[in-house]
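Take a look at the structure below.
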């Protein structure tokens, strides 16, 4: 006899064997034992969750020699015939290949005949959504008033394709995806009975890979058993199944969040060496970024497919990054994953994506900036403030470039920039005179953001915004995405309209590009007497920063110089 | 004799009629509550030919039967019985010529036959002699769904609290057939339990296809990413197809858009209800929803939906990720 695959060997035989559908099996058991079985059922749900198995068990429960019973014996002739698909009274129809009205007419013709040996005649229509409209119409008439000895069970993965007229004639049961933990338990049970040595972590990976389908998980297990026999090791399992080790993908995420392209590329190379395809790597990275967004935005309760431990890991990894930044990383990865899938050189495309992700500037929400300003303006001491998170650092680094964007009176109230250029250019008198208060500029950016988010974001990314009497100068890095976007005619027009609305006067929009990030604001706005003093304070702040200290400790180095980012 | 009364009774009066009066030779059943219509047909069957299968009980379907066939069957005498019951389902699908033949029959029906014509399209039947028949409308007043649900639960032997009934209706809608199906399931699940709690209802009851979409749209209108993503992941966990979810979101936003345009053009409410083909209850929620979105929002949202639709159909990346992006985008302020 040829080898029987696990999915067939371990196909549930009783209601209690069905995994993860307790409400449904309990109801069906009660229906059978109370003799109140409906004349038509519809079992819907994703693949591999037990729809067809449940249908067969219902058939056995009703036709079992000892039945109708909620616990069919699986030993009598009827039960065995049903299990083997040989029963004359249990007719399984694959609607995917019998879609036409004539197939349904054949059923209708035959239902008037009593069952040959069993108590009931049961029609299991698999993939019922594939039936044609006329086939459904023909079936409807029978479903309305079927003979008492007939039971219909429709199984489908796409219940929305079933006409409502049919749905309302059937007792509907929606099968859910089986949770990772339930699949793992089931796999553990089966592997122990099959004397297969496999560790929990691998079982967990397989359960996750199965995406809620018990059948898929057993197929994966079959694959492993066929390759490694009864002793399966974690590394071998991940390599043969092409599953990316979770630790590896987490380390990539860590590198990306720490803006460390080198480390992320190293992790990628590591994965490629282990035989993971770049496309698979991209998919998994996208998946973990999505989980990160979900965990950050909704908390841990919404993700059922991850273990508590994994969620905690994600929480730790993303603790220093805000939701907006994670969202933008996710969006970028989603776009790039598409390109990677299509690319002839997926590895190259993935490397480029990892670099983009790792060097992507984090988004700082207006609310964060405002709250930061508020907290800083409450402090009498100028300085860098608390460095509570990685993002906060980024806020401040960004801020140093355009302090006037957010600080009404930089010299007196706000923390001084971390550093300033060695030779600050003298400020342009016109600009200095006509420049509005910083909070007014923040208000302007917020106003633009409210009108058109992308435009506001690009504006935020600019190196400098100089608002004069009748014009707004926006200074960006040469060839940067922000500059390219803002230089577009429609962007300029939108800016002109919005600024006119905001300042109640016509404003000219000039987009200027510089070779390097603008480095002049801090110094320009400081009075020369304060510069040195301020610089010293800032240097001290940087030196005292816990992250800098930690970096010194890790790398065994010391800070020699502080330069703008 | 034919009762010559121009009657349009509600379904609830049918039970009284059947208890108090003799069986009428012709009944016309209309209304959208299949459950009540079928119950009425079943009662008629019991009264005329008995509950079991009988050669004197004949069912025709409007899309396949002819008027002549029906009239001939109704005109023949019953076999070994005093009465014969002929039921025509989906009678609205009969051709005009066939309806004319039935009209002639209704004018002078057989006294030993009870003919029940069931019209399921919600329109007024096109029968000239309809006044000669006894008509019952089996539509349910919106306010009655709650009490009907509780009564149905009672008939199955358990108590369903008002809150439980409200939850059930919110999940499955107002169709009594659907409600009956769910109540039967609940009674089976909680065998022996005298009272069903909300948790049981939520676990076992299929969710209305649109219930989640309303929650999702509500979350989007509040820019509540947490709630919106929560609904989305719940749909995903249930194995809902992303394209199907998208189509439902699009359907709702199209409704919101239409409603907004009509309200802004000051179209009278009655006209709006007619154009939108909806009840005033459903319109209330729609009119509240449309207030939450500006035209700018709607245009932006429709563009995003179109883009997402395209991506779901051609993209290589898992569809749930694309849908997640859509929800994040719709929840963003601009």
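Sort out which residues of the range B:183-218 are surrounded by fewer than 22 Cβ atoms within 10 Å (Cβ to Cβ) and at pLDDT 85 or above, and write them in order of number. Correct list: B:184 only. Of all the numbered requirements in (1) surrounded by 23 or more Cβ atoms within 10 Å (Cβ to Cβ); (2) touching a helix residue (DSSP H, G or I) at 6+ places or on another chain (Cβ under 6 Å); (3) within 14 Å of another protein chain (Cβ to nearest Cβ), residue A:70 misses one, and that requirement is (1). Across the range B:100-123, the number of residues qualifying as within 28 Å of the chain's Cα centre (by Cα) and surrounded by fewer than 14 Cβ atoms within 10 Å (Cβ to Cβ) comes to 3. If you go through the range B:186-204 and keep only what is touching a strand residue (DSSP E or B) at 6+ places or on another chain (Cβ under 6 Å) and within 10 Å of another protein chain (Cβ to nearest Cβ), you end up with B:186, B:190. Of the numbered criteria (1) more than 30 Å from residue A:343 (Cβ to Cβ); (2) surrounded by 15 or more Cβ atoms within 10 Å (Cβ to Cβ); (3) without any contact (Cβ under 8 Å) to a residue 60 or more places away in the chain; (4) within 14 Å of chain A (Cβ to nearest Cβ), the one residue B:262 fails is (4). Please enumerate the residues belonging to the range A:34-58 that are facing chain B (nearest Cβ under 8 Å) and either more than 29 Å from the chain's Cα centre (by Cα) or not in a loop (DSSP other than H, G, I, E, B) (or both). Residues satisfying the conditions are A:34, A:36, A:38.
Note on the range B:15-43: residues that are without any contact (Cβ under 8 Å) to a residue 60 or more places away in the chain and within 12 Å of residue B:114 (Cα to Cα) total 1.
Every condition in (1) in contact (Cβ under 8 Å) with a residue 24 or more places away in the chain; (2) more than 16 Å from residue B:321 (Cα to Cα); (3) assigned to a helix (DSSP H, G or I) holds for residue B:245 except the one numbered (2).
Condition check ((1) within 29 Å of residue B:184 (Cβ to Cβ); (2) outside the structural domain of residue B:32 (by TED's automatic domain parsing); (3) at pLDDT 85 or above) across all residues:
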site	(1), (2), (3)
B:87	yes, no, yes
B:113	no, no, yes
B:117	yes, no, yes
B:121	yes, no, no
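For the criterion of being outside any helix (DSSP H, G or I) and out of contact with any strand residue (DSSP E or B) (no Cβ under 6 Å at 6 or more places or on another chain), residue A:243 passes. In the set (1) within 14 Å of another protein chain (Cβ to nearest Cβ); (2) within 14 Å of residue A:253 (Cβ to Cβ); (3) at pLDDT below 90, residue A:301 fails one condition alone, (2).
Scan the range A:310-318 and give yes if some residue there is within 14 Å of chain B (Cβ to nearest Cβ) and surrounded by 15 or more Cβ atoms within 10 Å (Cβ to Cβ), otherwise no. Looking through the range A:310-318, at least one residue is within 14 Å of chain B (Cβ to nearest Cβ) and surrounded by 15 or more Cβ atoms within 10 Å (Cβ to Cβ).
Only one of the numbered conditions (1) within 14 Å of chain B (Cβ to nearest Cβ); (2) over 43 Å from the mean Cα position of the chain (by Cα); (3) under 27 Å from residue A:132 (Cα atoms) is not met by residue A:106, and that is (1). Filtered by the rule that a residue be more than 11 Å from chain B (Cβ to nearest Cβ) and out of contact with any helix residue (DSSP H, G or I) (no Cβ under 7 Å at 6 or more places or on another chain), the range A:278-298 gives a lone residue, A:280. Against the conditions (1) surrounded by fewer than 21 Cβ atoms within 10 Å (Cβ to Cβ); (2) facing another protein chain (nearest Cβ under 9 Å), residue A:8 satisfies every one except (2). Where helices (runs of 4 or more DSSP H) fall wholly inside the range A:148-214, the ranges with 2 or more residues that are within 14 Å of chain B (Cβ to nearest Cβ) and more than 33 Å from the chain's Cα centre (by Cα) are A:164-167.
Output the residue which, of all residues in the range A:287-309 that are buried (at least 17 other Cβ atoms within 10 Å of the Cβ) and closer than 24 Å to residue A:236 by Cα, is nearest to the chain's Cα centre (by Cα). The qualifying residue nearest to the chain's Cα centre (by Cα) is A:287.
For the range A:229-248, enumerate the residues that are buried (at least 16 other Cβ atoms within 10 Å of the Cβ) and either within 23 Å of the chain's Cα centre (by Cα) or at pLDDT 85 or above (or both). Of everything in the range A:229-248, those that are buried (at least 16 other Cβ atoms within 10 Å of the Cβ) and either within 23 Å of the chain's Cα centre (by Cα) or at pLDDT 85 or above (or both) turn out to be A:232, A:238, A:241, A:243, A:244, A:245, A:246, A:248. Consider residue A:48 carefully, then state whether it is out of contact with any strand residue (DSSP E or B) (no Cβ under 8 Å at 6 or more places or on another chain), within 30 Å of residue B:88 (Cβ to Cβ) and in the same structural domain as residue A:17 (by TED's automatic domain parsing). No, not satisfied.
One line per residue, one yes/no per condition, for (1) part of a helix (DSSP H, G or I); (2) touching a residue at least 60 places away in the same chain (Cβ under 8 Å); (3) buried (at least 20 other Cβ atoms within 10 Å of the Cβ):
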| residue | (1), (2), (3) |
| --- | --- |
| B:128 | no, no, no |
| B:131 | yes, yes, no |
| B:146 | yes, no, no |
| B:151 | yes, no, no |
| B:154 | yes, no, no |
| B:168 | yes, no, yes |
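Residues in the range B:38-78 that are assigned to a helix (DSSP H, G or I), within 11 Å of chain A (Cβ to nearest Cβ) and within 19 Å of residue B:122 (Cα to Cα): B:38, B:41.
Comparison of A:251, A:267 shows that the only residue that is away from every other protein chain (no Cβ under 14 Å), in a helix (DSSP H, G or I), surrounded by 19 or more Cβ atoms within 10 Å (Cβ to Cβ) and at pLDDT below 90 is A:267. Residue A:61 satisfies every condition listed in (1) within 14 Å of another protein chain (Cβ to nearest Cβ); (2) closer than 18 Å to residue A:119 by Cα; (3) in contact with a strand residue (DSSP E or B) (Cβ under 6 Å, 6 or more places away or on another chain); (4) crowded, with 22+ Cβ neighbours inside 10 Å except (3).
Put simply, of B:277, B:266, B:260 the only residue that is in the same structural domain as residue B:321 (by TED's automatic domain parsing), on the phi > 0 side of the Ramachandran plot and at pLDDT 85 or above is B:266. Residue A:137 falls short on exactly one of the conditions (1) more than 30 Å from residue A:303 (Cα to Cα); (2) within 13 Å of chain B (Cβ to nearest Cβ); (3) in contact with a helix residue (DSSP H, G or I) (Cβ under 7 Å, 6 or more places away or on another chain), and that condition is (3).
When restricted to residues that are in contact (Cβ under 8 Å) with a residue 12 or more places away in the chain and assigned to a helix (DSSP H, G or I), the range A:293-311 contains 7. Every condition in (1) more than 8 Å from chain B (Cβ to nearest Cβ); (2) in contact with a helix residue (DSSP H, G or I) (Cβ under 6 Å, 6 or more places away or on another chain) holds for residue A:330 except the one numbered (1).
The values are calculated or read from the model by the stated rules, or taken from the named source; none is laboratory data. None of the values given here were measured: they were computed from a predicted structure. Neighbour counts are summed over all protein chains in view; Cβ atoms, including those assigned to glycine, are modelled from backbone coordinates with ideal geometry.
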